[in-house]
There are 4 protein chains.
Amino acid sequence: MSDTKRLTGIFTPNIVPLDGSGEINEPELRRYVDWLIERGVHGLYPNGSTGEFTRFTAEERRRIVEIMVDQAAGRVPTLAGAAEANVRETIKACEHYHAIGVRAVAIVSPFYYRLSAAGVYAYFKEIADNSPIDVTLYNIPMFASPIDVPTVKRLAEECPRVIGIKDSSGDLPNMMRMIAAVRRVRPEFSFLTGWDAALMPMLLIGCDGGTNATSGIVPEITRKLYDLTIAGRLDEARDLQYRLLTLFDSMIYSAEFPEGFRAALRLRGIDAGIGRQPKSESQKLELNSLSRDLQCLLAAEGFTEEPVGGCPVGQSLDPEHVARIVQGVVGELKRRGMA
Amino acid sequence: MSDTKRLTGIFTPNIVPLDGSGEINEPELRRYVDWLIERGVHGLYPNGSTGEFTRFTAEERRRIVEIMVDQAAGRVPTLAGAAEANVRETIKACEHYHAIGVRAVAIVSPFYYRLSAAGVYAYFKEIADNSPIDVTLYNIPMFASPIDVPTVKRLAEECPRVIGIKDSSGDLPNMMRMIAAVRRVRPEFSFLTGWDAALMPMLLIGCDGGTNATSGIVPEITRKLYDLTIAGRLDEARDLQYRLLTLFDSMIYSAEFPEGFRAALRLRGIDAGIGRQPKSESQKLELNSLSRDLQCLLAAEGFTEEPVGGCPVGQSLDPEHVARIVQGVVGELKRRGMA
Amino acid sequence: MSDTKRLTGIFTPNIVPLDGSGEINEPELRRYVDWLIERGVHGLYPNGSTGEFTRFTAEERRRIVEIMVDQAAGRVPTLAGAAEANVRETIKACEHYHAIGVRAVAIVSPFYYRLSAAGVYAYFKEIADNSPIDVTLYNIPMFASPIDVPTVKRLAEECPRVIGIKDSSGDLPNMMRMIAAVRRVRPEFSFLTGWDAALMPMLLIGCDGGTNATSGIVPEITRKLYDLTIAGRLDEARDLQYRLLTLFDSMIYSAEFPEGFRAALRLRGIDAGIGRQPKSESQKLELNSLSRDLQCLLAAEGFTEEPVGGCPVGQSLDPEHVARIVQGVVGELKRRGMA
Amino acid sequence: MSDTKRLTGIFTPNIVPLDGSGEINEPELRRYVDWLIERGVHGLYPNGSTGEFTRFTAEERRRIVEIMVDQAAGRVPTLAGAAEANVRETIKACEHYHAIGVRAVAIVSPFYYRLSAAGVYAYFKEIADNSPIDVTLYNIPMFASPIDVPTVKRLAEECPRVIGIKDSSGDLPNMMRMIAAVRRVRPEFSFLTGWDAALMPMLLIGCDGGTNATSGIVPEITRKLYDLTIAGRLDEARDLQYRLLTLFDSMIYSAEFPEGFRAALRLRGIDAGIGRQPKSESQKLELNSLSRDLQCLLAAEGFTEEPVGGCPVGQSLDPEHVARIVQGVVGELKRRGMA
């Protein structure tokens, strides 16, 4: 029933550019789509967590997908986030996305309330049984109800419409458990990792690709890491994975998500505007400081000029500096119940 | 600037009755509002977590408040949940609720993403500076970004529109810390607890009232517990708190929230219909079993008949039985990242 | 089989004074025992978490109890921590403590490994079946395997030797669940809270007393809070509970546990020496700063002189200052997996 | 100052065989040492978590190391767990182990109390400055205070005696962060992973080896996985890693740790006796059931006969069966505060 080709490669969860009034900046979004496709991403992934889907209205979410599918014009497939307020609204979104040529939808597990495995199963089953379009499960236990291995397996067995899972937990052994449980019953099922910090090892243990926020900022690196790993050029891949980790950590842990990515995107020449989540004065100052660090990191990769005043020799990629940032924030995340 | 009377007493976070098509059942919702007011609740609290605000569309959330305010007709004040997709939409909702006579809005801390204290502050500051109606902070760290004590204090100092906090953490020493930090600078600030299991001790250490889901099911008990505690009749209050704890635990831990409350509401004669979150077969069976247990508990309190076949003598309120349920589910909750 | 009198009142978990070589300072420990008894504590509790039982050798743990029992000379009962490397060693310790006149032992749930409820049950059952002395369960889920309500109930039913539980979780509804489950089958079972921040409300919902670290530093206050609460003088008790909370938070959250208590003890005139856990330079500086804050707090209570330079007016008990400390550290604790 | 050769390969954390009286079974322990060395492990690692170091007395811990070093007789190096009640006792153990020819000690981070990064640093610094023998840090945040990346880096820079870290967190990106931070300043520093579920990917991103509990049960597989991965034979390695994951999950998640390993060891012909932690009747039944499952798994690998009655075709390695076990237990672990 579902499209036979397995989803593979790097799907980019994109930031949505906003204009000066805080509305969707359609021209810049279209330019961004072209920019991404030209730099080699295998697919687009609007309305993901990086895309701040919860901060847009239902109407805006549809419009984002419409613009991007139109702009992509078939050059790459689109995987569209389609979770709405309840199952009925979500199915309506699935129907609409199907009608306009989306390849598959990604449905995040129920959030706010944290559901049991039985509840998560019932939710996806109801959607999968009524969706005209292929469905990818989206597991992000940091933000939403976890989808456990038996639930993935049961849905894979019972629902031909469910064709893959996007997992952002970063839990490598759990990814192996999912692959071991599902591959035998659904060989074409797709496993995508959303945790850029482990992209290479995830691919090496059997993942088909990733939905990686870094690919929205440095698509050249994320794509190359994918290619090198698939080609078995491990020494080069390992080196690139370490560099990507530094970039990823800097963007994800240094500011309220996804503000680090938004700041980096501006450095790449895409004007994403100002995010909808208000910022305190202290946060604005921190973001300026982060932006300078990111510019050094991106300059070291050849993607931009160094900031005025230059970058400390060798410090631009200093893993310890990044490590301190990460450690400082991990406590914060745990305090907020995320890790 | 804000209404001078401190919010006190029991505000009921209500389930929204649905009809056979899953739409808002307006006549039953109006009947439920009357039923609650007749049984003594001090105020109404639509669009809370019990009210499954995330499972309704923005339009539906407005309609729920409109119906309830209209039906209450000034008999009791309404505290309306007003969180929408982003700050701009939330402020629009505040304006609307102000126009139709809502007493104050309750704004849950940002959810899905977990924000830092600085981000939580910036969010509430932006709303409070632009809201024409009094704002109550809503802290529910189980589901949303935590609002810490310094943030509560800073908002209380800087924002006259912020007039209180509803805290559903159940963390008694933290409630004391909030009261100690805020009362001196804002004597009229209101502290409401959303954790029915500790209503009596929370009132005894200085809370002004509660937004308690049990008051939507057994308003007679919750109200009486409030009255006895305020009156200093501690022995009677303690006995009632233990009985309320058993009811609360049974409803909150035995099924996907708020299905236990919905099942109990039907036993009280209000037809809440079937919830929008799909249920698996195993969940339906468990809910039937729970419903029978709840009927015994409610019968023991004189609110309903015993189920056919009767209830085991003394078992209807067996704390150990409830304890086993609680323990079993606490592990589940932790697994889902909630506790 | 067991002593019929229920354990009630305040049992003090004491710091062990060390001399300049890091050895047990026997004269100072004896003086400390007298000091505590003179200030009204109902019992002694050596080898608790405050007593750093894990940082002493098995021989030292025995000697601490021997010294204290000898010095108490029957004036107050002793509840001795008796957990050793394994069940056999623990039972040997129980036998020894029984022989020297200890009233009961307290056995912490297995730690390092985190055991299931079944494992926790088996552990305590084996000990209770072989102990010649009454046993108090010690639940401190922050540090050790949790003891859940059904396990407490089962042990209470099956083991006459198990006569009570000391719970340091601070979870008030859970304490109510334990009391509800156990009181009917074991009316003389004792419930002691180890969480000073909630001593008054814990007593009000039915606890028999506490094992409170603050009682080792300000026994006058902890004892008075107990007396006022038992006497139903709630307004006075509430005021004292708020003041005790400030002291407790300052001591527990401002430094590596139990260094804040050790620093405060010195201010009360007991020389506890230098703890065995090494401190970094930054920790030593922080401890000096904390010591000054504590001196202001203790001076405000009339227990000591203000430090040279004096204390800011009103700031000595500033709840916001303490709140900031608490919030800062809660993130830390969660990062360490403790909260 | 320290031995120049980097620790590499598989070090086996061994179960300690007990006799019918629960005492160390020296002959069987000696036979086990030979059995392990004959099957290719690169080193021995007594007094690890698998070795239940907390359940032995200080004297017993020494004796275990003495027996094993004597039996190894220089054929392979020994990495000995040396953590004792406090720094002074630990340094004494270091001196003793140095004297008898141990290659290096492994010191677990402080446990029971959860220390801050500053406290963890001070602890290891004090030990490293006074130890005559090389020290390996042991990070196991599930059970003990976490050792964060800046702390590892600082200790690596300041303490030549600290020559490596054994990390049992299973957190792959964090391992990369440690390697990135430390390798440049201490090229010979050794990174060992204690999380068998991710051994292959950990080696691929730069680890030097592992301290893996599976190597005590199926040393043939763990060693072969190491060799294949190092040789770059990734397809074979991946297949073996999946099989090892199934074995690891079965042993670690199906019973109270390390009882699953003990049961499997008996199936390999080493009589480990009965563990010191008491078991309830339900736990004994579960262990029997697990033992049968393990026998099928080991039979499928050719290490033992199938149990009487045979094994279900293909079921012996059914990943879904194992997945269900894992999921069921992960909730349990979280409930106990471990995950």
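The values are calculated or read from the model by the stated rules, or taken from the named source; none is laboratory data. These figures come from a predicted structure and were not determined experimentally. All Cβ positions, glycine included, derive from the backbone under ideal geometry; neighbour counts span all protein chains shown. For accessibility, only protein heavy atoms count, side chains too; no ligands or nucleic acids. Shrake-Rupley method; radii C 1.70, N 1.55, O 1.52, S 1.80 Å.
What the table below lists for this structure:
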| item | result |
| --- | --- |
| Given (1) of a type in the set (G, A, S); (2) modelled with pLDDT of 95 or more; (3) in a loop (DSSP other than H, G, I, E, B), number of the condition B:A118 does not satisfy | (3) |
| Of all residues in the range D:227-247 being in a helix (DSSP H, G or I) and away from chain A (no Cβ under 11 Å), the one that is most open to solvent (accessible area, probe 1.4 Å) | D:I230 |
| Single residue of the range B:171-183 satisfying the filter (within 8 Å of chain C (Cβ to nearest Cβ) and without any contact (Cβ under 8 Å) to a residue 24 or more places away in the chain) that is surrounded by the fewest Cβ atoms within 10 Å (Cβ to Cβ) | B:P173 |
| Filter result (touching a residue at least 60 places away in the same chain (Cβ under 8 Å) and open to solvent by less than 10 Å² (accessible area, probe 1.4 Å)) within the range C:263-272 | C:L265, C:I270, C:A272 |
| Residue list for the range A:121-157, restricted to those being within 14 Å of chain D (Cβ to nearest Cβ) and farther than 28 Å from D:N174 by Cα | A:Y121, A:T151, A:K153, A:R154, A:L155, A:A156, A:E157 |
| Answer residue from the range B:38-53, given it is open to solvent by 30 Å² or more (accessible area, probe 1.4 Å) and either assigned to a helix (DSSP H, G or I) or within 21 Å of B:R266 (Cα to Cα) (or both) and is farthest from the other protein chains (Cβ to nearest Cβ) among those | B:E38 |
| Members of the range B:104-120 found to be away from chain A (no Cβ under 12 Å) and either small (G, A, S) or closer than 19 Å to B:I179 by Cβ (or both), listed by number | B:A104, B:A106 |
| Single residue of the range A:62-97 satisfying the filter (within 14 Å of chain B (Cβ to nearest Cβ) and under 14 Å from A:G51 (Cβ atoms)) that is surrounded by the most Cβ atoms within 10 Å (Cβ to Cβ) | A:G81 |
| Those residues of the range A:315-335 which are modelled with pLDDT of 55 or more and over 18 Å from A:A197 (Cβ atoms), in sequence order | none |
| Any hit, the range B:227-246, residues being closer than 20 Å to B:A300 by Cα, free of Cβ contacts under 8 Å to residues at least 60 places away in the same chain and touching a Phe, Trp or Tyr at 6+ places or on another chain (Cβ under 8 Å) | no |
| Complete set of residues in the range B:54-85 that are on the phi < 0 side of the Ramachandran plot and either touching a His at 6+ places or on another chain (Cβ under 7 Å) or assigned to a loop (DSSP other than H, G, I, E, B) (or both) | B:F56, B:T57, B:R62, B:R75, B:V76, B:P77, B:A82, B:A83, B:E84, B:A85 |
| Selection status of B:E66, closer than 23 Å to A:Y113 by Cβ and of a type in the set (D, E, K, R) | no |
| Sole residue being aliphatic (A, V, I, L, M), at pLDDT 95 or above and more than 19 Å from C:G9 (Cα to Cα), chosen from C:L172, C:L199, C:L155 | C:L155 |
| Of all residues making up the range A:146-165, the number that are open to solvent by less than 20 Å² (accessible area, probe 1.4 Å) and either within 15 Å of A:A106 (Cβ to Cβ) or of a type in the set (K, R) (or both) | 9 |
| Flag if D:I252 is crowded, with 18+ Cβ neighbours inside 10 Å and touching a Pro at 6+ places or on another chain (Cβ under 7 Å) | no |
| Residue list for the range A:292-313, filter: over 19 Å from A:I221 (Cα atoms) and either surrounded by 18 or more Cβ atoms within 10 Å (Cβ to Cβ) or among the charged types (D, E, K, R) (or both) | A:R292 |
| Any hit, the range A:192-199, residues being touching a Lys or Arg at 6+ places or on another chain (Cβ under 9 Å), among the small types (G, A, S), surrounded by fewer than 24 Cβ atoms within 10 Å (Cβ to Cβ) and at negative phi | no |
| Test for B:L203: is it open to solvent by less than 10 Å² (accessible area, probe 1.4 Å) and either among the aromatic types (F, W, Y) or touching a residue at least 12 places away in the same chain (Cβ under 8 Å) (or both) | no |
| From B:E220, B:E259, residue being within 19 Å of the chain's Cα centre (by Cα) and surrounded by fewer than 20 Cβ atoms within 10 Å (Cβ to Cβ) | B:E220 |
| Members of the range A:122-156 that are without any contact (Cβ under 8 Å) to a residue 40 or more places away in the chain, among the aromatic types (F, W, Y) and under 21 Å from A:T193 (Cβ atoms) | A:F124 |
| So B:R186, is it within 10 Å of chain C (Cβ to nearest Cβ), open to solvent by 10 Å² or more (accessible area, probe 1.4 Å), in contact (Cβ under 8 Å) with a residue 12 or more places away in the chain and of a type outside the set (D, E) | no |
| Matching residues, the range B:98-143, being surrounded by fewer than 23 Cβ atoms within 10 Å (Cβ to Cβ) and aromatic (F, W, Y) | B:F111, B:Y112, B:Y113, B:F143 |
| Odd one out for C:S168 among (1) surrounded by fewer than 24 Cβ atoms within 10 Å (Cβ to Cβ); (2) in contact (Cβ under 8 Å) with a residue 12 or more places away in the chain; (3) of a type in the set (S, T, Y) | (1) |
| Complete set of residues in the range D:248-261 that are closer than 15 Å to D:R292 by Cβ and within 14 Å of chain C (Cβ to nearest Cβ) | D:S254, D:A255, D:E259, D:G260 |
| Among (1) more than 30 Å from C:L203 (Cα to Cα); (2) among the aliphatic types (A, V, I, L, M); (3) away from chain C (no Cβ under 12 Å); (4) touching a helix residue (DSSP H, G or I) at 6+ places or on another chain (Cβ under 8 Å), the one test that B:I163 misses | (4) |
